[in-house]
1. Identify all residues within region 312-343 that are at pLDDT 95 or above and among the polar types (S, T, N, Q); write none if there are none.
2. Working only within region 50-66, note down all residues that are under 16 Å from the mean Cα position of the chain (by Cα) and either surrounded by fewer than 17 Cβ atoms within 10 Å (Cβ to Cβ) or of a type in the set (K, R) (or both).
3. Can you tell me which residue within region 178-217, out of those that are at pLDDT 95 or above and among the small types (G, A, S), is farthest from the ligand (Cβ to nearest atom)?
4. Has region 78-98 got at least one residue that is in the same structural domain as L49 (by TED's automatic domain parsing), under 23 Å from Y156 (Cα atoms), polar (S, T, N, Q) and out of contact with any Phe, Trp or Tyr (no Cβ under 6 Å at 6 or more places or on another chain)?
5. Quick check on region 23-42: of everything there that is part of a helix (DSSP H, G or I) and closer than 20 Å to V160 by Cα, which residue is farthest from the ligand (Cβ to nearest atom)?
6. Can you pull out every residue in region 155-175 that is within 16 Å of the ligand (Cβ to nearest atom) and either in the same structural domain as A306 (by TED's automatic domain parsing) or surrounded by fewer than 24 Cβ atoms within 10 Å (Cβ to Cβ) (or both)?
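The values are calculated or read from the model by the stated rules, or taken from the named source; none is laboratory data. Just so it is clear, the structure is predicted and the values come from calculations on it, not from any experiment. Every residue, glycine among them, receives a Cβ derived from its backbone with ideal geometry; neighbour counts consider all protein chains shown.
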Amino acid sequence: MFRIKKIRTFAPCMDQNTQIKILLSQPKEIVITSHRNPDGDALGSSLALAAYLRKHLHNVSIVLPSEYPYNFGWMKGVDDIIIYDDDPSIAHRKIKQANVIFALDYNALDRVDKMGQHITLSDADKIMIDHHIDPEPFVDYMISDTRASSTCELVYDFIVDQGGHADIDEEIAEYLYAGILTDTGRFRHNTSEKLFRIVADLKHIGLDDLRVYDAINNSQYEKHIRLLGHCLNNRFEFIPEYHAGLIYLTKEDYKKFNIKRGDTEGIVNFPMIMKDVRLSAFITEQPTIVKISLRSKGDLSVQELARKYFNGGGHKNASGGYSHESLEKTIKKFKEALPLTLK
Ligand SMILES: [Mn+2]
């Protein structure tokens, strides 16, 4: 799947940013891609980068593998995103025509499903901007930093490195903030001094942060509140000896509450509001797999737990994975892994 990098005509000593700058110095056909089940960071980084590149007269399309959650429908330009699941032929054509393809907020082609094969076959120059561990080298240029809170933070850096700080307007600031806000769990993990300086700069530019917060978070419907109540009252387990909280959802729950993509966003964080909880898991029975989301407080890392036991990974305080076993077995496995994680 990995291909040999094209032989470049640029001087070998030229740094990556300068090479990308030269690449983008003429208007190009650009496709921005991000991962399946796009979240605030995938959407925010894609829309921000698209808006920036359009200011430099590039023809930009955003192509995502699957639909975005309802609470991002307010974002300007989100309706113009091409969804591979809905329009595979248009998505394919756009990828085929592209001179430059950006891969945002994902580190491996299996995160974009069938779109991956089109990206592999494309001759376009490929640029990854991402913050997940162990990126696969399917791109020509890799901007990968696992210390970053979000891909939006890295897109901010990218625009600045390209000399485009003056291009960051209120709209771009809003997109970037949406990704930063969601990927840090509303500034509860992966924050840094640098990140707060970026946010301060976005505010200086004219960001209406409270409007973005409301649009994303205070936008739930009655069924979400009922579902949350069900999770906390009937599906929550506290494991005091390991300071762990667990919420799970069965296939029947999905049917009963008519749970759609994005409806369970943030539920993993609720056990964390308990004083005695240091680690939280949200385990859901999906059609073919069982998904697990993990959160932790402070120095306690859930990255290893996700990687070792659940084919996943992520960040110190926010990771995730999946299992091909039953819901019951996955819950059992999680509980058995706790003493090994917390030792
Ligand atoms: Mn992200």
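1. If the condition is that a residue be at pLDDT 95 or above and among the polar types (S, T, N, Q), then S323, S326, T330 are the ones that fit.
2. If the condition is that a residue be under 16 Å from the mean Cα position of the chain (by Cα) and either surrounded by fewer than 17 Cβ atoms within 10 Å (Cβ to Cβ) or of a type in the set (K, R) (or both), then S66 is the only one that fits.
3. So the residue we want is G206.
4. no
5. Quick first cut of region 23-42, residues part of a helix (DSSP H, G or I) only: 23, 40-42.
Now restrict to residues that are closer than 20 Å to V160 by Cα: 23, 41-42.
Working: L23: 24, D41: 3, A42: 7 Å.
Filtering region 23-42 for residues that are part of a helix (DSSP H, G or I) and closer than 20 Å to V160 by Cα, the one farthest from the ligand (Cβ to nearest atom) comes out as L23.
6. Quick first cut of region 155-175, residues within 16 Å of the ligand (Cβ to nearest atom) only: 155-158, 175.
Answer for region 155-175, where residues must be within 16 Å of the ligand (Cβ to nearest atom) and either in the same structural domain as A306 (by TED's automatic domain parsing) or surrounded by fewer than 24 Cβ atoms within 10 Å (Cβ to Cβ) (or both): D157, F158.
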